[in-house]
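Shown next, in structure tokens, is the structure this report addresses.
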Amino acid sequence: MKNFLLNLLFLLATAEMSIAQKQTVDVLIKSGNLIDVRTGTIQTKKLIATRGKTIVGVFDESRLADFKAKTVIDATGKYIIPGLWDMHVHFGGGDTLIEENKNLLPLYIAHGITGIRDAAADLSSSVLQWREQIAKGELAGPTLFTSGPKLEGYKSSWVGDIEVSTNAEVDKMLDSLQRMKVDFVKITDNTITPDIYLYILQEAKKRGMKTSGHVPFALTMDQVTSAGLGSVEHMSYVFKAGSTRDKEVAEKVRAGQLTARLASPMVMQSFDEATALPVYRRMAKNGTYVVPTLNISRTIAFLDQDNHQNDTYLQYIGPGLKNTYAWRVNRVAKDGPEAIAERHAVYEKTSALLPLLHKAGVTIMAGTDAGFLNSYVYPGLGLHQELSYFVKAGLTPLQALQSAIIPGPEFLRKSDLYGSIAAGKSADILLLDRNPVAAIDATQAINTVILRGTVYDRKALDGLLSEAKKKASKY
């Protein structure tokens, strides 16, 4: 009897030690297909463990007994990737639309988008506030990065930008942006002078600030990328860079001998792949990324075929934001058959450049232009449509997928925290019902989203959509 009791005590003590030695985690994902987004290869029989907002590590499934988890997710048959990033969104429309804009944030979560880059509008103070609230866990939304107000020239047509026309004004405004702790500097090309544009790039580079922008017709792509432009937004500027007349057009526009409107057809008619490829290779060498924003370009180009009035997604968009769509819609409604045909042709020609950019080594970074003004390009859904357009333009599903996961963190110098599923990275994880490397539309087959360690199963994601719809109907 004495031996029996001793053996029993030994076994209980051993069991307690075994339990004590188990690693306690918050979430444990087992039995899924883990996709290495850089290579497209799939790893099976892996465990992904998270604690708090961070990934503890990726382990062999044979170690399942080594963990004690609050939540265990059986990912059998699922495909696991890092959260998606939309690197070109907008929040704007004036103070009366602050809440409607804020209501867009859960739509990104519901569509597996865990990081967004706000590319400036007229609600910068609100966006900066949301960025901090999200970081502190006080507001539900994807991790938010922002440029704050963008830089422009005097009498710009944009609302909410900072107008500069002298070097001293640029210095002062960059000081202001640094005090705001913006994540990058956005520059557009409405009225800004070429010299001031280049000075902004020069000074931002000295300060270690990343830049993003449109490219003035008065400058060539070589000029802006060699000066340090971090990312080019929209394909029209990339198309101009491949024109045999790019330098000539830039010089004439700069000298006041040619307007951008008149220069556009000259560029369209003189594009040459043999000219473009070396320019694109220099872009790659200079580290300039391209955000194609095909979604907005295609939507506007083909409004004659689809006016989007029956889009079910409109139920998530408030009436004030819907009203901001009108300016683009009304503008293209005046186009005759020739202008419509030209819109179609421009889209087809510019989107077809994606494989050439990839061949040249240019980093393609996914961004949608979703938000106010940009008609029927929807927060959340828009990124999945953007990736589909990438594939239709000639990229592989893997290349399209990579564009929404890897370059965003790289651009913002945040790759130590984002862009892969590994120990120490932010616990931003997406579980899909189908393999996106086989078919890019599988990014929409979302089963579970984990954002900074918080698990949203399908029911919770549907709840976010339902709540967004409810709020949109009340404005």
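The values are calculated or read from the model by the stated rules, or taken from the named source; none is laboratory data. Bear in mind that the values here come from a model prediction, so they are computed numbers and not experimental data. Note that we place each Cβ from the backbone using ideal geometry, even for glycine, and neighbour counts take in every protein chain shown. Only protein heavy atoms, including side chains, enter the accessible area calculation; ligands, DNA and RNA are left aside. Shrake-Rupley method; radii C 1.70, N 1.55, O 1.52, S 1.80 Å.
What the table shows:
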item	result
Under 13 Å from the I42 label point (7 Å along Cα→beta-carbon), backbone N, the range 67-85	76-81
Pairwise FRET efficiency - N323 versus S62, Cβ, R0 = 60 Å, nearest 0.05	0.55
Qualifying aspartates and glutamates (Cα of each under 19 Å from Cα of K78; at least 8 residues distant if same chain)	D36, D60, E61, D428, D433, D441, D457, D462
Peptides ranked, highest mean first, by Cβ atoms within 10 Å: ranges 261-274, 278-291, 311-324	278-291, 311-324, 261-274
Restraint check, K46/K414; K150/K471; K102/K172; K206/K252; K30/K414, Cα-Cα greater than 32 Å	none
Rounded tilt (10° steps) of 260-269 against the dominant C-alpha axis of the chain	80 degrees
With Cα atoms, 0 to 90° folded angle of helix 194-206 axis to the chain main axis	30 degrees
Per residue value of the accessible surface for the range 338-383 (all protein chains in place, 1.4 Å probe), Å²	31 Å²
Nearest-ten-degree value, helix 381-393 long axis tilted from longest Cα axis of the chain	70 degrees
Extreme residue, positive dipole direction of the range 50-203, given options G57, A110, T188 (C-beta unit charges)	G57
Sites D462 and E338, calculated FRET efficiency, Cβ-Cβ separation with R0 35 Å, nearest 0.05	0.15
Overall dimensions of the range 229-342 by Cα: Rg and Dmax, Å	17.5, 49
Diffusion coefficient, µm² s⁻¹, Stokes-Einstein with Kirkwood Rh over alpha-carbon pairs of the chain at 37 °C and 0.692 mPa s	138 µm²/s
Candidate lysines - alpha carbon under 23 Å from K334, same-chain residues fewer than 8 apart omitted	K322, K349
The range 134-222: Cα Rg divided by the 2.2 N^0.38 Å rule of thumb	1.15
Size of charge dipole - the range 20-95 - debye, nearest 20, with Cβ of Lys, Arg +1 and Asp, Glu -1, no other charges	360 debye
Vicinal HN-Hα couplings computed from phi for the range 323-339 (Karplus, 6.51 cos²θ - 1.76 cosθ + 1.60; Hz; Gly/Pro x)	5, 6, 5, 4, 4, 6, 4, 5, 5, 7, 5, 7, 6, x, x, 5, 5
Cα centroid of the range 20-61 to Cα centroid of the range 380-395, whole Å	28 Å
Burial order of peptide ranges 353-363, 120-130, 78-88 (average beta-carbon count within 10 Å, highest first)	78-88, 120-130, 353-363
Mean Cβ neighbour count within 10 Å, used as a protection proxy, ranking 70-76, 183-189 highest first	183-189, 70-76
Hz values of 3J(HN,Hα) by residue in the range 421-428 - Karplus curve (6.51, -1.76, 1.60), Gly and Pro given as x	9, 7, 4, x, 7, 4, 7, 10
Helix-only CD estimate at 222 nm, as mean residue ellipticity for the chain, using -39500 (n - 2.57) per DSSP H run (n ≥ 4)	-12500 deg cm²/dmol
Hull shadow area, averaged, the range 84-168 [alpha-carbon convex hull, nm²]	6.2 nm²
Accessible-area composition of the range 170-239, carbon plus sulfur, in percent [1.4 Å probe]	48 percent
Rounded FRET efficiency, nearest 0.05, which uses the C-beta distance separating W158 from A445 and R0 of 41 Å	0.60
Segment T24-Q178, extension gain: residue separation times 0.36 nm, minus the distance between their alpha carbons	51.4 nm
